[in-house]
1. Over region A:5-144, one equal point on each Cα, no solvent: what is log10 I(q)/I(0) by the Debye formula at q = 0.10 Å⁻¹?
2. Taking a label point 7 Å from the Cα of B:ARG93 along the Cα→Cβ vector, which residues of region A:84-112 have an amide N closer than 15 Å to it?
3. Hey, for a label at A:VAL107 modelled as a point 7 Å past Cα toward Cβ, could you say which residues of region A:26-59 have their backbone N under 16 Å away?
4. Of B:PRO35, B:PRO23, B:PRO67, which is the most mobile in a GNM of chain B whose springs link Cα atoms less than 10 angstrom apart?
5. Using only atoms on other chains, find how many Cβ atoms lie within 10 Å of each Cβ of peptide A:27-40 and report the average.
6. Cut-off is 10 Å between beta-carbons; in what order do B:TRP78, B:TRP34, A:TRP59 appear when sorted fewest neighbours first?
7. If you take the beta carbon distance between B:TRP75 and A:ILE84 as r and set R0 to 25 Å, what does 1/(1 + (r/R0)^6) give as a FRET efficiency, to the nearest 0.05?
8. Putting +1 on Lys and Arg Cβ atoms and -1 on Asp and Glu Cβ atoms, find which of A:PRO68, B:LEU33, A:GLY89 reaches farthest to the positive end of the dipole of the protein assembly as shown.
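Here, each number is a calculation from the coordinates, and none is a lab measurement. These numbers come from a predicted model, not from an experiment. Here the Cβ is made from the backbone with ideal geometry for all residues, glycine too, and neighbour counts use every protein chain on show.
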Amino acid sequence: MNSHRYLRAYMAGSAVPTMMLLVVLTGFLIARYTFQIPIPIERAIVFPMALVPNLFGAWNMFYLWLRPRPHLPIGLHGAILPFILAPAGLTLAACLGFLSANAGGLVWFHEVAIPYAILAVGFCFGLIVYYLVWKYLVSFFNEVLGIA
Amino acid sequence: MNKQEMNEQEQRKLADLLQRSLPPMNPELDRDLWPKMLQRIMLHRIMLHRINERARDRHWLAVLFSPSALSAVPWFDWALLAAVIVGLCIFPRSIPIWLYHF
């Protein structure tokens, strides 16, 4: 079981967001067709479908590489990821035309206005979610694939 | 014979008696310990293999959400999870943005 350790780390890392993709897509569909939020699903799904799983996989490979060296616990290691993902997601959303900024805050999908203060709080919650996901889910998949 | 000589004589006698009462030491072991050691190692391996097989037979979701796994979660992680859920309930309009970032 010692061969292809980095491949297994990639698979363990990308498993969680890949599974979450079903939830994301369902949430987008409900938001669009039930709550009439004009989410451009075909553009909005690019980030959670293409970038997030790959970054999770790469981040887990990085964690495996760090293991023999001084490193953070896996939960804290995962909690660093939003510092990369959030700017990337915001940039992509702005480029794809469903995020705009005004004086009061950010407007998502031309409808959902989020004040900057709420964004800051939301980012902290994002750190918590990533911490928990990495500590329990990614760590579990690492264990299952024999790289814990 | 003074008191000191008496004591020395008694000590020698005592040592003599002790030596006679103990069985002679055999510098060589009367049996080979290695087969027993090997047996122990094998038994340990078999037990580990059985535990792993039992764990493999269980569905991964059952392992992930087993009572033992859930009880190992520290209270502050439950508190963090509760804070996230409360946050989502207070500001449900942020849910699509959360979904986008996952």
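1. The Cα Debye sum returns log10 ratios of -0.38.
2. A:100-112
3. Zone members listed by number: A:37-40.
4. Of B:PRO35, B:PRO23, B:PRO67, the Gaussian network model singles out B:PRO23 as fluctuating most.
5. Details: counts 6, 3, 0, 3, 4, 1, 0, 0, 4, 0, 3, 0, 3, 0.
What the average comes to for A:27-40 is 2.
6. On the way: B:TRP78 12, B:TRP34 8, A:TRP59 23.
Fewest-to-most ranking of B:TRP78, B:TRP34, A:TRP59: B:TRP34, B:TRP78, A:TRP59.
7. Details: r = 30 Å, r/R0 = 1.19.
Here the calculated transfer efficiency is 0.25.
8. Of the candidates, B:LEU33 comes out farthest on the positive side.
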